[in-house]
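A.B. asks: Can you keep this structure in mind? I'll have questions shortly.
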Amino acid sequence: MNWILIDKSRTVQPEKGKYSDWKPILAFEGKNQCVYCSIHQNYFGGIRNFHVEHYRPKSKFPLLKDKIQNLYYSCPVCNTFKGDDWYEKDLTNLNEIIYPNPSITNYFDLFEVNLITFEIRGKYISSNYMVEKLALNRTQLILHRKFLILQLKFEKIINKIEEQTSYLYYLIEKTGDITLVKQLRKLNDSRKEVDKVRKELFNSSGYKSRDTKRN
Ligand SMILES: [Zn+2]
């Protein structure tokens with residue numbers, strides 16, 4: 001859901017080693033998330049569990065096996081589902097069955113998220129094909145999107161409470177009206193309540209909330 005354009009313009013072909021040695025380079029370049037489903041490695045057991053993905057499959061393009069420009073960082077599920085699936089067509093035509101090039105096309109523009117079911121839909125033939133082929137509506141990803149969207153909603157509510165709190169502080173300071181302190185206490189209680197619900201929800205979802213350090 002947080003897809004990004006993978007900037008390969010500054011990625012230099014390493015002089016030593018082979019593709020499996022370059023996972024940290026690809027992780028950095030891909031912001032530690034799967035190029036196809038955008039799940040962050042922290043929700044998948046970290047870099048150990050992530051794969052080096054051959055955009056053009058190595059079985060069909062052996063000469064590209066160790067070319068860094070052909071490599072991306074992906075979760076094991078997407079990598080496995082994609083396998084050696086490939087269509088050598090015009091890779092800029094999004095309305096063809098192709099895998100759009102993640103360093104040319106921003107995948108964020110390829111999908112839309114249903115905010116009720118948390119499923120995604122491809123906006124083009126290519127991205128619709130990817131949703132099917134890579135099972136981008138698998139249960140784990142739906143739960144993950146739900147978690148991210150709820151997280152955003154909580155942050156919005158908390159920001160609102162904090163804004164109102166600082167406005168009340170400002171008013172009390174300015175007017176000396178201590179009857180406002182009662183409202184301030186109410187806001188503090190609401191803030192605590194929201195934090196409590198957030199904790200309960202995320203504990204039961206098995207996810208850690210965002211204030212947990214991400215690497
Ligand atoms: Zn993935």
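A.B. asks: Let me have the relative contact order for the range 84-214, percent, based on Cα pairs under 8 Å that are six or more residues apart.
C.D. replies: Across the range 84-214, relative contact order equals 14 percent.
A.B. asks: What is the Cα centroid distance between the range 4-49 and the range 73-115, reported in whole angstrom?
C.D. replies: 16
A.B. asks: Further question: Provide, for the range 81-182, the number of lysine pairs with alpha carbons under 29 Å apart, each pair being eight or more places apart or on different chains.
C.D. replies: The number of close lysine pairs in the range 81-182 is 18.
A.B. asks: Within 10 Å, at most 12 other Cβ atoms, and a DSSP state outside H, G, I, E, B define an exposed site. Report the longest part of the chain free of exposed trypsin sites (Lys or Arg not before Pro).
C.D. replies: So the longest stretch without any such site is 90-212.
A.B. asks: Let me ask another. Leaving out same-chain residues fewer than 8 places away, which aspartates and glutamates sit with a Cα under 16 Å from that of K23?
C.D. replies: Correct list for K23: D7, E15, E53, D66.
A.B. asks: Here's something else I'd like to know. List the relative contact order of the range 1-143 as a percent without decimals, with contacts defined as Cα pairs under 8 Å and 6+ residues apart. Before the final figure, lay out the partial values.
C.D. replies: Working: 225 pairs, mean separation 34.0, N = 143.
Value for the range 1-143: 24 percent.
A.B. asks: Now a separate question. Around G17, with a cut-off of 13 angstrom between Cβ atoms, what is the net charge of the other residues, counting Lys and Arg +1 and Asp and Glu -1?
C.D. replies: Computed value for this residue: +2.
A.B. asks: Moving on. Highest GNM mean-square fluctuation, the chain, Cα pairs closer than 10 Å: which of G176, G122, G46?
C.D. replies: So, out of G176, G122, G46, the one fluctuating most is G176.
A.B. asks: Here's something else I'd like to know. Among the GluC sites (Glu not before Pro) in the range 8-86, which ones are in a DSSP loop with at most 13 other Cβ atoms within 10 Å of the Cβ? Mind listing them?
C.D. replies: Hits after loop and neighbour filter: E15.
A.B. asks: Using only the alpha-carbon atoms of the range 6-137 as identical scatterers, what base-10 log of I(q)/I(0) does the Debye formula give at q = 0.13, 0.18 Å⁻¹?
C.D. replies: -0.52, -1.02
A.B. asks: Find, to one decimal place in angstroms, the Kirkwood hydrodynamic radius of the range 1-80, where the mean of 1/r is taken over every pair of different Cα atoms and then inverted.
C.D. replies: 12.6
A.B. asks: How big is the range 62-129 on each of its three principal axes, counting only the C-alpha atoms and giving the largest first in Å?
C.D. replies: Principal extents (Cα only, largest first): 44, 27, 18 Å.
A.B. asks: Now for a separate question. Taking only the alpha-carbon atoms of the range 70-215, what semi-axes of the equivalent ellipsoid follow from 5 times the gyration tensor eigenvalues under a square root, in whole Å, largest first?
C.D. replies: Sorted largest first and rounded, they come to 46, 17, 13 Å.
A.B. asks: Another one. Based on the alpha carbons, how large is the Rg to Rh ratio for the range 115-181 when Rh follows Kirkwood?
C.D. replies: 1.40
Read-outs throughout are calculated quantities, based only on the coordinates presented, and are distinct from any laboratory measurement. As the structure is a computational prediction, the values presented were derived from the model and not from experiment. Reconstructed Cβ throughout: ideal geometry from the backbone, glycine too, with neighbour counts over all protein chains shown.
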